[in-house]
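Only the coordinates and a few stated rules stand behind these numbers; no lab work does. Computed from a predicted model, the values in this text were never measured in an experiment. No Cβ is skipped: glycine too gets one built from the backbone with ideal geometry, and neighbour counts run over all protein chains shown.
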Amino acid sequence: MKRTTVSLVLLLVAVGAAGGLLAQQALASAGRPTVTPPVSLTIVLVAIGLIVVGLAVPVRRAVRGNRARVDPFYALRVLVLAKASALAGALLGGAAAGSVVFLLTRTVPALGSVGYSIGVAVGALILLAGGLIAEEMCRIPPPSDEDEEEAAGATS
C-alpha cells in the first residue's frame, strides 16, 4: 500500500472546502438553515484520531523488535484504518474550513456556528494527523544488508 501523499491530502482538503462552501451556499440560497455541526462531532473526531494512534502502538513495537510478532491481519487493518482516517480527516477538515469561510462572509456572521465549525476543523486536523502518524508507525523499515545476505543464503 502506498503512503498517503501530501498532494492527495491537499486535493481532498480543497475538494472538501469547495463542497462545504457550496453546500452552505445552496442551503442559504434555498432559504433553509445552514448546517451547524454539533460539539460531539469535534469530540468524536479527536477520539478517533487518538484511538487510531493507540491501535498502531503494538504494531510499532513489533516492527522495532521490542515485542513479539503481531498478527499481520491486525497490522493491515490498523494500516487501512489509519489511511482512511487521514483521508476522512482531510475531507472533513476542508468541508469545515469551507463552512467557516461561508459563515464569515455573511453580513451578520453567526459566531456560534463559526466556533462549532472551527472546532470541527481542528478535530478533523487531529484525525488527519493521527491517521498519518499511525500510518507511519505501521511502516516497515527497509531491510539492512545483513538481512538481504541472510535471505539470499537461505534460498541458495
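Observations
- In degrees, nearest ten, helix 145-155 long axis to first principal axis of the chain (Cα): 60 degrees
- Compactness of segment 6-141, expressed as Rg and Dmax over alpha-carbon positions, Å: 17.7, 60
- Environment charge at residue 70 (Cβ cut-off 10 Å; Lys +1, Arg +1, Asp -1, Glu -1): +3
- Working note: 222 nm ellipticity from helices only, DSSP H runs with n ≥ 4, each -39,500 (n - 2.57), summed and divided by the residues of the chain, gives -27500 deg cm²/dmol to the nearest 500.
- For the peptides 65-71, 14-20, residues were scored by their other Cβ atoms within 10 Å and the scores averaged per peptide; the highest-first order is 14-20, 65-71.
- Potential extension, residue 47-residue 68 segment - 0.36 nm per residue separation minus Cα distance: 4.8 nm
- For segment 1-139, averaging the sequence separation of C-alpha pairs within contact (under 8 Å, six or more residues apart) and dividing by the residue count gives a relative contact order of 42 percent.
- Protection proxy ranking of 103-110, 129-136 - average other beta-carbon atoms within 10 Å, highest first: 129-136, 103-110
- Computed about its Cα centre, the charge dipole of the chain is approximately 740 debye, with only Lys, Arg, Asp and Glu carrying charge at their Cβ.
- Efficiency of FRET between residue 77 and residue 6 - r from beta-carbon atoms, R0 25 angstrom, step 0.05: 0.50
- In this calculation the C-beta distance from residue 22 to residue 57 is compared with R0 = 41 Å, giving a FRET efficiency of 0.55.
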